[in-house]
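The values are calculated or read from the model by the stated rules, or taken from the named source; none is laboratory data. Keep in mind that what you see is a predicted model, and the values were worked out from it rather than measured. All Cβ positions, even for glycine, are placed from backbone atoms using ideal geometry, and neighbour counts span all protein chains on display. Ligands, DNA and RNA are excluded from the accessible area calculation, which covers all protein heavy atoms including side chains. Shrake-Rupley method; radii C 1.70, N 1.55, O 1.52, S 1.80 Å.
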Amino acid sequence: MTAGFHRVSAIIAADFRIRFRRASTAVIFVLLCIAAYLWIPDPSTGRALLQMNDQRALYNSPALAMATASLCSILLGFIGYYMVSNSIGRDTRTRTGFIIASTTVRNSEYLAGIFLGNAIFLSVVIFGFMLSCMAMQLIRGEGSLNVFSFFWHYSILLPPMVFFVSGVAVLFESIRWLSGRFGDLVYFFVWMFTLAVVAISSEKMGGVNITSYIDTFSFAFMLDQVKAITHSDSLSIGSSSYDQKLPPFVFGGLKVPLVWLLPRITSTIYPVVFVFAALFFFSRFNPVKVKASHGGFRRNLLSRLNSLIRPLTVPLFALSARFSARPGLVNAILNDALLTLQSYPLTVILFFGFLAATLISSRTGFQSQVLPALFVVLAMSLAGLAVRERRQGTMAMIQSVPFLKPNFIWWKLGTAMFIVLIFITAPLIRLAMFDLSAALSFLIGSVFVATCAVGLGIASSNPKTFMVLFLLFLYVVLNDNGHTPGFDFAGWYGVATPFVQVIYMALSAGMTALAWLSFRYQNEKF
Amino acid sequence: MIRIESVSKRYPSGTYGVKDFSLNIPSGVLGLLGPNGAGKTTLMQMLATITRPTLGKIFFQNVDIDRDPEYLRSRLGYLPQDFGVYDNLTAAEFLRYFAALKGVRDRKKIHEMLELVNLHTVANRTIGGFSGGMKQRLGIAQALINDPELLIVDEPTAGLDPEERVRFRNILADIGHSKLVILSTHIVSDIESISTEIAIMKQGSLAAFGTPETLLQAAIGKVWQCVLSSTEFEAVRGRLKVSGAIRRPDGVHLRLVHPESPVAGAVTTEPNLEDTFLYWMNFSTGVAA
């Protein structure tokens, strides 16, 4: 074993141990089991996982394996990034990066170790999901379990995604301005773009085309093969209703024809390019660059913009001095809200931008473009709010303030609501002028976002949890484009029913309860 | 062993962390003293090859470490300031990880190090449950695991209890017999007992360098003792450098650092290293003693 190989394997082993001893990893496995349960519904309920022309597929191993692997590729292709993009950041935060930098580990070895660590972690998560799906086949009881079929479909469909996510995570973590929350947002668009490009090109061109060589989510390959096998374009994967009068069809499984061999191999290995690119940007924990990018937190593109804008917003923040001098929950809320805006002055400028857009945009543009953009900004502003103290190590100080410890949740919720209120007041008034029901949905949706930010933030002690789940939800809502009233959570399409509004109110209450219970549990450990 | 030639570190903001710093250190224990922001950590980071000098050169055993950092890295043990750990690893796993990164294959070494820092009984416990002092000892163990020829430790005794501090000082003193140890600290007593040479840094530059004896000699006649009433003490404490004050029935017994007699009736006394540090920081303009 060469010295380099020994070092890389040590990095992978340490990374593996660190990740698999976290409680959050256990939570991920539980969620995957739940996902498998929900995605593979009992056909007697009128819903099925895989359908073609309203005809459901028999729950045999090839059908379940192909469908669940495809869903896993899309979902984990998104969430996976947020799960693994913290390895270099972890070494920076703990300052163990300085020790690593002072050893003979080469940059290429370190980045290779991180890349493979990411890939192994994702592979194990996928393996866990695959076991859950196998268990679901046993539970649903259609066709005998063929373990080999599961392994075959998972190995031909998922490695490109695993390497893509691992490679992009290493690259983004190595680039200063992409290593923070801005990078988290950028990945959302990268994911959407990658998915869309391959899906559109495979629909328009079909067969093996140029995008088949970067078919990260195996979408083009899977669609092409299903089409070749079943001679049908109509394929639906994911729990949905089917025609119970039609008999189930038997899906025999995917094969890899020779023409697809090279595209599959290229799709799997091209993300290694990201690791090579990362080598150019990786600073090897140089304190000058680490200071610039972390300086307490990360100095990315957003931070730079914030620094530029800060002088313009100074008069607004003179207010914070008034509130900080007076004790009391209301003043603490106002002070915390101003501190949040003070930390990100860009949001103040965006507020004025939204105000202008509210006044001048057309009704359609206002509802379907301005409001979703407003929610993206709100999500970014609120993501770190509830975890700020814990991550900065000021929790003990905050808890020593007499009224804040018992009221921490109300303090954070109050701050989130106050920030939301600043942003939504003008749009809410405009919306109410032409659609009262949509305005009510908008208000409920805003409260829902605020409670989600606080609830998920406190429960996971990580701002990424909220960001990831909210962006994923946003993707679904935008793709649904108002067809399903249940997804019109904030009145963007004006189709939410009173029942939907009640559901989102209930979910907001649930998030508040989650925040409260999590905080209580965490405090017991304190 | 280490030769630092006119090294400067300039940050993108234009400020200097270290400015025109030169020093030649053979072996032993070099104590690096200086107030916060003096540039000690920046200098140590340059010596540990974590960051590069903007100007100047650093040679280790006559090898330019900017050109060949690997040469130094394979012989280096480094403990950074405010060192953190991976909470989910056990002490043994943590050391095994850094041993692997440093190319140490001998598994016995891990147990030896854990014994050295008195953590062998908790080798299989996760570090998350360790006290600050225990984590610091683990950091010290990782710095020593590859038998370094150059050991750089930044504030290593912070968080250690008195017994552990003495134990650690002895470890450093032992290593300093044959190798070079560079130790930065605010705790003057740590340096006093083990340093063979001391460098005092001020605003990124070298304010003084020499053996403890030569630095102490330079402060002879500059340290004064006197007894003042509480009222007199309150009047002078703001304008004089007070290195010690003890309240007794006859008044406040003061140790003052000043080039000339600071108050009437003050008599000179033998300086200690703390007085010397104050003298070099506030009154001396010389670069090296």
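Things to note:
- Those residues of region A:10-23 which are open to solvent by 40 Å² or more (accessible area, probe 1.4 Å) and either in contact (Cβ under 8 Å) with a residue 40 or more places away in the chain or farther than 21 Å from residue B:87 by Cα (or both), in sequence order: A:16, A:20
- Of the candidates A:442, A:434, A:466, the single residue that is of a type in the set (Phe, Trp, Tyr) and surrounded by fewer than 20 Cβ atoms within 10 Å (Cβ to Cβ) is A:434.
- Breaking point among (1) on the phi > 0 side of the Ramachandran plot; (2) open to solvent by less than 20 Å² (accessible area, probe 1.4 Å); (3) modelled with pLDDT under 90, for residue B:265: (2)
- Per-region count, region B:159-193, residues within 11 Å of the chain's Cα centre (by Cα) and either more than 20 Å from residue B:276 (Cβ to Cβ) or among the β-branched types (Val, Ile, Thr) (or both): 6
- Selection status of residue B:140, assigned to a helix (DSSP H, G or I) and either among the aliphatic types (A, V, I, L, M) or over 26 Å from residue B:200 (Cβ atoms) (or both): yes
- Scan of region B:99-127 for residues that are facing another protein chain (nearest Cβ under 10 Å) and modelled with pLDDT under 90, ordered by number: B:105
- One residue stands out in region B:29-64 among those that are under 17 Å from residue B:149 (Cα atoms) and open to solvent by 10 Å² or more (accessible area, probe 1.4 Å): the one that is farthest from the other protein chains (Cβ to nearest Cβ), namely B:62.
- Inspection of region A:121-130 finds a residue satisfying the criterion of being within 14 Å of chain B (Cβ to nearest Cβ) and either open to solvent by less than 30 Å² (accessible area, probe 1.4 Å) or under 19 Å from the mean Cα position of the chain (by Cα) (or both).
- Close pairs (6 angstrom Cβ cut-off, 6 or more residues apart or separate chains): β-branched (Val, Ile, Thr) in region A:117-136, open to solvent by less than 20 Å² (accessible area, probe 1.4 Å) anywhere: A:126/A:158
- Filter pass, residue B:278 being under 30 Å from residue B:10 (Cα atoms), crowded, with 19+ Cβ neighbours inside 10 Å and of a type outside the set (Gly, Ala, Ser): yes
- Scanning region A:13-36 turns up no residue that is part of a strand (DSSP E or B) and hydrophobic (A, V, I, L, M, F, W, C).
- Residues located in region A:244-272, provided they are more than 21 Å from residue A:227 (Cβ to Cβ) and without any contact (Cβ under 8 Å) to a residue 12 or more places away in the chain: A:245, A:265
- Count of residues meeting criterion [closer than 18 Å to residue B:134 by Cβ and facing another protein chain (nearest Cβ under 7 Å)] in region B:68-98: 11
- Within region A:367-378, the presence of at least one residue that is open to solvent by 50 Å² or more (accessible area, probe 1.4 Å) and either of a type in the set (Asp, Glu) or under 28 Å from residue A:187 (Cα atoms) (or both) is confirmed.
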